[in-house]
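Computed from the coordinates by the stated procedures, all read-outs in this text should not be read as laboratory data. This structure is a prediction, so every number in the text was calculated from the model and none was measured. Note that we place each Cβ from the backbone using ideal geometry, even for glycine, and neighbour counts take in every protein chain shown.
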Amino acid sequence: MALLLFIFPGCGKLGDQTTGLITGEAMVVSAHPLASAAGANMMKNGGNAVDAAIAVQFALAVVYPSAGNIGGGGFMVIRQSDGSLHSLDYREKAPMQAHRKMYQNKNGDVINDLSILGHLAAGVPGSVDGMVRAYEQFGTLPWRDLIQPAIDLAEKGFPLTEREASKLNDNRAEFISTNTVTPRFLLDERWAAGDLVYMKNLANTLKRIRDHGRSGFYEGETADLIISEMKRGNGIINHDDLRRYESKWREPVTANYRKLRIISMGPPSSGGIALIQLLKMIENYEVDTMDWKSENYVHLLVEAEKRVYADRAVWLGDADYFPVPVEQLLDDGYLHRRMADFSFNHAISSDSISEGNTQLEESVETTHFSIVDPWGNAASVTTTLNGSFGAKVVVGGAGFFLNNEMDDFSIKSGFPNMFGLVGSDANAIEPGKRMLSSMTPAIIEKNDSLYMVIGSPGGSRIITSVFQCLLNVTAFKMNMQESVSAPRFHHQWKPDRIYVEPGRIPEITKQHLVEMGHIFEETGSIGSVNAILMIPGKGMEGGADPRGDNTASGF
Ligand code: GLY
């Protein structure tokens, strides 16, 4: 079996890349060519999709440190070839000393950036526990083999891509101001494409995880290093938080949409519920007869998005702490009633759906990878530090970034988080609670068979990115690569505007939509989707998003 490697050299005009890698047996699509290769090699050596997912998660923690991680968390959705479904929640948790007003001053005002930058922004990391649990349930290759590629990359060095070099350079000032012991590689003045990076401390941490599993991270030397870092930076994670962290197997959320079955992550992610709500809200409209560029199509999706994100702000949170009304939110009647006041003639302002004002900052720092193995098992994994390089804090002596996931809580009712998302009680901070996520790792079935594996980074924009890429294939007959390359748009209820990538909506259509009451704002990238589409009789096609260094690799 020849191992093929397919690398997008960079982002041309959105929509330029029209054909993805096609393979017969197995594929990984991830945010970095070296991580995709690590996952594909596992399957070449006889490993399954979960073995490959674990190898990719650890490799991304080295080569893609802005979002790949061992100091963050994520979700893994699995469909085995026999049709059985599983979802693993390894989302971070609030430390036990966290409390509802921890990011507010004594007047109740939110303190600038406290939930975003520095030690107090970090939730208790879940990624290592998640990988251990996934391995216990499904792993087949030796555990050490799954981590070794990451150790080798960190120890022997790996070449930076142009994008990764720019990220390190652009964040240098914040790395220096936020860290108590800034690692050498974050201090270097100018990185360029092709420069080799070595991460010796991270390699040693990964070796402890390789040799001791879960306790190589949550106990012993790594735990001590995390707690020392917390003490130096006034953070609140303690040994007990680390020892008590546990990831959880949860029921995936599933629903039928036309001839498809959607399988995704339930709470504490809003992603699966929101994706299903969006699809159900537009189910009674013949989107496949609409023009992809038409005002009717854009308007329909935007109006559904406003209603779904309004629900998200009030009803979604960690179901272990808040009674999320999942059944009602996914009820056909409820969703069709939510669209009862929809009209093709005019926009309904977000203020008349609910109240609040937000500002949106852009960030795509989370990362998604999709995997199908030679037996037809599939893993859809989204993992995150939240913002780019998370809290921008590296654990001194341990070499990995800590997340700033605490900002995904509603730190004050109605106060927008870094993605402009607002929330309330359902997502208020409580000790031990998981913060609400938008991550939408999804697997789609058609005629009871595996059809698509898909997901994206992009904070609040994850859900709408996955939604549109799915429709691009099912309603507009694009192939997988065309679907992920095509430009996108996004509305999230608050603020009341349509964010649009260049080239997505023709000027004349925009004018008509403005006349109907819509407001536009041109934006950089919306999401960065990595997906696999099964092609009956031929194998599978990868869709690696040209918005990043995303790469499909397989055989
Ligand atoms: N941190 C982004 C998300 O979980 O939605």
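Go through Ala310, Thr222, Val324 and say which Cα lies farthest out towards the positive end of the charge dipole of the range 194-324; charges sit on Cβ, +1 for Lys and Arg, -1 for Asp and Glu. Going by the Cα projections, it comes out as Thr222.
Neighbour counts of other Cβ atoms within 10 Å put Phe476, Phe489, Phe467 in the fewest-to-most order Phe476, Phe489, Phe467.
Anything over 30 Å Cα to Cα? Flag those among Lys392/Lys412; Lys259/Lys306; Lys392/Lys477; Lys167/Lys477; Lys101/Lys231; Lys167/Lys446, in the order listed. Listed pairs above 30 Å: Lys392/Lys477; Lys167/Lys477; Lys167/Lys446. Ranked by how many other Cβ atoms sit within 10 Å of their own Cβ, fewest first, the residues Leu202, Leu385 fall in the order Leu202, Leu385. Extending 7 Å from Cα along the Cβ direction at Ser228 and again at His212 yields two label points whose distance is 1.4 nm.
Partners of Lys433 within straight-line reach, counting aspartates and glutamates whose Cα lies under 16 Å from its Cα and excluding those fewer than 8 residues away in the same chain: Asp89, Glu92, Asp240, Asp241, Glu246, Asp318, Asp320, Glu405, Asp407, Asp408, Asp425.
Quick one: compute a quarter of the convex hull surface over the Cα atoms of the range 279-328 and quote it in nm².
Value for the range 279-328: 4.2 nm².
Each stretch of four or more DSSP H residues adds -39500 (n - 2.57); spread over every residue of the chain, this sum gives -10000 deg cm²/dmol at 222 nm. Of the residues Met43, Met199, Met418, the one with the fewest other Cβ atoms within 10 Å heads the list, and the complete ranking is Met418, Met199, Met43. Taking a straight line from the alpha carbon of Lys494, these aspartates and glutamates sit under 14 Å away, with near neighbours fewer than eight places off in the same chain left out: Glu303, Glu305, Asp311, Asp351, Glu355, Glu361, Glu521.
Relative to the Cα centre, what is the charge dipole magnitude of the range 401-555, using +1 at the beta carbon of each Lys and Arg, -1 at the beta carbon of each Asp and Glu, and rounding to the nearest 20 debye?
Charge dipole, the range 401-555, about its Cα centre: 140 debye, nearest 20.
When the Debye formula is applied to the Cα atoms of the range 199-338, each taken as the same point scatterer, what base-10 log of I(q)/I(0) results at q = 0.09, 0.21, 0.22 Å⁻¹? The calculated log intensity ratios at q = 0.09, 0.21, 0.22 Å⁻¹ are -0.49, -1.20, -1.29.
Each Lys and Arg adds +1 at its Cβ and each Asp and Glu adds -1 at its Cβ; summed about the Cα centre, the range 46-146 shows a dipole of about 340 debye. Our Cα-only numbers for the range 413-522 put the radius of gyration and Dmax at 16.8, 51 Å.
Taking the charge dipole of the chain about its Cα centre, with +1 at Lys and Arg Cβ atoms and -1 at Asp and Glu Cβ atoms, the residue from Val466, Asn530, Ser388 reaching farthest to the positive side is Ser388. Between the range 321-338 and the range 199-247, the C-alpha centres lie 39 angstrom from each other.
What are the DSSP H helices in the chain that stretch 15 Å or more along their long axis, judged by alpha-carbon atoms, and whose average Kyte-Doolittle hydropathy comes to at least -1.0?
33-44, 49-63, 127-138, 143-156, 220-232, 271-282, 295-315, 461-474
Debye-formula intensities of the chain, expressed as log10 I(q)/I(0) at q = 0.10 Å⁻¹, are -0.74 (one equal scatterer per alpha-carbon, no solvent). Taking label points 7 Å from Cα along the Cα-to-Cβ direction, Asp291 and Asp170 give a separation of 3.5 nm.
Classification of the range 106-213 by its C-alpha gyration tensor yields an oblate form. The axis ratio a/c (a ≥ b ≥ c) is 1.5 or more, and b/c is at least a/b. Simple rule: put +1 on each Lys or Arg Cβ and -1 on each Asp or Glu Cβ in the range 7-163, find the dipole, and look at Ala37, Val128, Ala94; the Cα lying farthest toward the positive end is Ala94.
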